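A short write-up of the structure that comes next.
Every read-out reported here was derived from the displayed coordinates using simple, explicitly stated rules and does not represent laboratory data. Source: prediction; values computed, not measured. So basically every Cβ, Gly included, is an ideal-geometry build from the backbone, and we count neighbours across all protein chains shown.
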């Protein structure tokens, strides 16, 4: 079972017991975090897609550590002018352990509409019944 979830503005494909590195989240090491913005859930081939989110679905995890990413160097130069400028950046990150991916049994609005459409009888108009 896996899910596609929106964490800190980015989409991640997560499974149970997976470690994910995301942009820095508020919270201390060891704190529990829940993500309600689940966009898709695949449960052994049964896929539920949200519009935009799946109702009742939740991903829970624990913050393992806060860390910094690799240094990214920015170098600017204008030739023949003697202008050179170097700077760098290290992104603040959080490492999360995904503990569970839970999907509520309720169907999405689209799935409910499909079930209603399947049970309804097709409408027949008078022009289809005419024989020339």
Arranged from highest to lowest average of other beta-carbon atoms within 10 Å per residue, in what order do the peptides 82-94, 47-59 appear? 47-59, 82-94
Among 38, 29, which comes first, second and so on when ranked by fewest other beta-carbon atoms within 10 Å? 29, 38
So how do 17, 44 line up by other beta-carbon neighbours within 10 Å, fewest first? 44, 17
Work out how much length residue 76 to residue 89 would gain on full extension: take 0.36 nm times their residue separation and subtract the Cα-Cα distance, in nm to one decimal. 3.3 nm
For 39, 1, order by how many other beta-carbon atoms lie within 10 Å, fewest first: 1, 39
